[in-house]
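Encoded as structure tokens, the structure appears first; notes follow it.
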Amino acid sequence: MFGLFKRRSKELALSLLELPSDGFCAVAGESHYQDALRATRSISRGEFEGRPCFTAALVPEPENEYDGNAIAIYSPQGKLGYLPRERAYEYRELFHELLTRGYHGGGCAAHLTGGEAGKSYGVVLRLANVDACIWALAEGPS
């Protein structure tokens, strides 16, 4: 009887432009998404300097009640946090252009930090500076 009410997960297909990965960017708010971070650890493939790696999706949230420039960070396991407010502001024009071109956002390499001995997980994006990302967009498919 209770099987009728089980939630079924939905798969979403996002159109993401691969962003250059020759920089580093911290992620904010990870403490609120520890379940998704632990689940991301279980699907991570490969390592970067001994840390589990995955591909992160960066998706703008223009309707975010706290920051109209908010850019959420996702793995296939759910939301992991946000670009820090000042970084989201720097990248706002890039993400506006991505949306204009029909993309849902961008993708980049990322790795987990922490998580051992009961410590919280964190995320570091391997994301180039905004100028390099804009250049990649100009060089890529339109």
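The values are calculated or read from the model by the stated rules, or taken from the named source; none is laboratory data. Computed from a predicted structure; not experimentally measured. Cβ placement follows ideal geometry from the backbone for every residue including glycine, while neighbour counts extend to all protein chains displayed. These accessible areas exclude ligands, DNA and RNA; they are computed on the full protein's heavy atoms, side chains included. Shrake-Rupley method; radii C 1.70, N 1.55, O 1.52, S 1.80 Å.
Restricting to the range 103-142, name every residue that is touching a Ser or Thr at 6+ places or on another chain (Cβ under 6 Å) and at positive phi. If the condition is that a residue be touching a Ser or Thr at 6+ places or on another chain (Cβ under 6 Å) and at positive phi, then 114 is the only one that fits.
Filter the range 86-114 down to the residues that are among the hydrophobic types (A, V, I, L, M, F, W, C), within 14 Å of residue 69 (Cα to Cα) and touching a residue at least 60 places away in the same chain (Cβ under 8 Å) and list them by number.
Step one: list which residues in the range 86-114 are among the hydrophobic types (A, V, I, L, M, F, W, C), which gives 88, 94-95, 98-99, 108-110, 112.
Restricting the remaining residues to those that are within 14 Å of residue 69 (Cα to Cα) gives 88, 94-95, 98-99.
Hit for the range 86-114 is 98, nothing else.
Of everything in the range 103-125 that is in contact with a Pro (Cβ under 9 Å, 6 or more places away or on another chain) and closer than 15 Å to residue 40 by Cβ, the residue that is most open to solvent (accessible area, probe 1.4 Å) is 115. The one condition from (1) open to solvent by 80 Å² or more (accessible area, probe 1.4 Å); (2) closer than 19 Å to residue 33 by Cβ; (3) β-branched (Val, Ile, Thr) that residue 100 does not meet is (2).
Residue 121 versus (1) without any contact (Cβ under 8 Å) to a residue 60 or more places away in the chain; (2) in contact with a helix residue (DSSP H, G or I) (Cβ under 6 Å, 6 or more places away or on another chain); (3) not basic (Lys, Arg): which is the lone unmet condition? Of everything listed in (1) without any contact (Cβ under 8 Å) to a residue 60 or more places away in the chain; (2) in contact with a helix residue (DSSP H, G or I) (Cβ under 6 Å, 6 or more places away or on another chain); (3) not basic (Lys, Arg), residue 121 misses just condition (1).
Count of the range 56-71 residues, restricted to those that are open to solvent by 10 Å² or more (accessible area, probe 1.4 Å) and more than 21 Å from residue 22 (Cβ to Cβ), is 11.
Can you find a residue that is open to solvent by less than 50 Å² (accessible area, probe 1.4 Å) and under 11 Å from the mean Cα position of the chain (by Cα) anywhere in the range 46-55? Show your work before the answer.
Our first condition is that a residue be open to solvent by less than 50 Å² (accessible area, probe 1.4 Å); within the range 46-55, this holds for 48, 52-54.
So of that shortlist, the ones also under 11 Å from the mean Cα position of the chain (by Cα) come out as 54.
Checking the range 46-55: at least one residue is open to solvent by less than 50 Å² (accessible area, probe 1.4 Å) and under 11 Å from the mean Cα position of the chain (by Cα).
One residue stands out among those in the range 124-134 that are among the hydrophobic types (A, V, I, L, M, F, W, C) and without any contact (Cβ under 8 Å) to a residue 60 or more places away in the chain: the one that is nearest to residue 89 (Cα to Cα), which is 130. When we screen 33, 74 for residues that are open to solvent by 50 Å² or more (accessible area, probe 1.4 Å) and under 21 Å from residue 99 (Cβ atoms), the only hit is 74.
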